[in-house]
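For reference, the structure discussed in these notes is given below.
Coordinate-derived values only; no laboratory data. Here the structure is a predicted model, which means the values were calculated and not measured. When we count neighbours, we look across all protein chains shown, and the Cβ atoms used for this are built from the backbone with ideal geometry, even at glycine.
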Amino acid sequence: MTDLVQDTTFSGRDWALEEVSGVRYEDCAFHDVDWSEARLTGCVFTNCTFGNVRFNAAVLERVAILQSTLQRCSFFDAHLIDCKLTGSQFLDCGLRPLKIEGGDWGFVSLRGQNLAGTKLGGLRLREADLMGADLSRSDLRGADLSNARLTDVVLKGADLRGADLDGVELRGVDLTGATIDIGQAVLFATAYGAKVS
């Protein structure tokens with residue numbers, strides 16, 4: 001396979017257990033592709049569309065999925081290591097259970113997605129759209145959530161200690177049952193008009 005693939009549609013491919021390294025895909029479409037238990041390393045997908053793609057138990061390491069749309073894709077038991085998902089949109093995807101180690105998910109749209117119990121600690125989620133997402137029991141310690149959209153997000157039992165909430169509209173966030181640190185408590189109190197002294 002060449003290092004650069006452009007304007008190509010892949011449909012019904014069985015790429016389970018495949019190892020793909022260093023390939024760049026631009027303006028490509030992937031439909032009903034099975035990448036289960038595959039290993040993708042250093043690949044870049046730009047302006048691509050994914051429909052019904054299975055990444056079950058796959059390992060994605062240093063993979064970039066940029067300005068792309070993923071619809072009804074399954075990431076069951078997938079492992080994402082230092083991946084970049086800038087500006088990509090997830091629609092009706094299965095994202096649990098999912099193991100994430102580092103990475104940049106800035107400007108990603110996870111609106112309404114179920115990420116309950118997922119470890120997102122230290123992840124860069126700057127300006128991400130998480131509206132209506134289920135982040136209950138998720139680990140967000142040290143995550144960069146600056147300017148993220150958290151309206152109607154479910155955070156019951158989530159751990160937000162050390163997360164950067166700069167620029168977040170905190171009035172629309174329900175923190176019932178979430179764990180926060182003292183600095184964040186002050187931010188929330190201030191957002192609701194309290195004077196902290």
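Annotations for the structure displayed:
- Here the Karplus relation 6.51 cos²θ - 1.76 cosθ + 1.60, evaluated at θ = phi - 60°, turns the backbone of segment 100-112 into coupling constants of 10, 10, x, x, 10, 10, x, 6, 6, 10, 10, 4, x Hz, with x for every Gly and Pro.
- The label point for ALA29 and the one for PHE76, both projected 7 Å from the Cα toward the Cβ, are 2.6 nm apart.
- For segment 91-197, the set of chymotrypsin sites (Phe, Trp or Tyr not before Pro) satisfying both a DSSP loop assignment and a count of at most 16 other C-beta atoms within 10 Å is given as TYR192.
- Angle in degrees between helix 182-191 and the longest Cα principal axis of the chain, rounded to the nearest 10: 80
- Estimated at 0.36 nm per residue, the fully extended path between LEU4 and ARG96 surpasses their Cα-Cα distance by 30.0 nm.
- Protection proxy ranking, peptides 133-142, 18-27, average beta carbon neighbours within 10 Å, highest first: 133-142, 18-27
- Checking every one of the GluC sites (Glu not before Pro) in segment 97-197 against DSSP loop status and a limit of 14 other Cβ atoms within 10 Å picks out GLU169.
- Of the labelled figures (1) 0.98; (2) 1.03; (3) 0.95, only one reflects Rg/Rh (Cα atoms, Kirkwood Rh) as derived from the coordinates, namely (2).
- Inter-label distance, nm, simple model (7 Å from Cα along the C-beta direction), ALA191/LEU170: 0.6
- With the highest mean first, a sort of the peptides 54-64, 32-42 on other beta-carbon atoms found within 10 angstrom per residue produces 54-64, 32-42.
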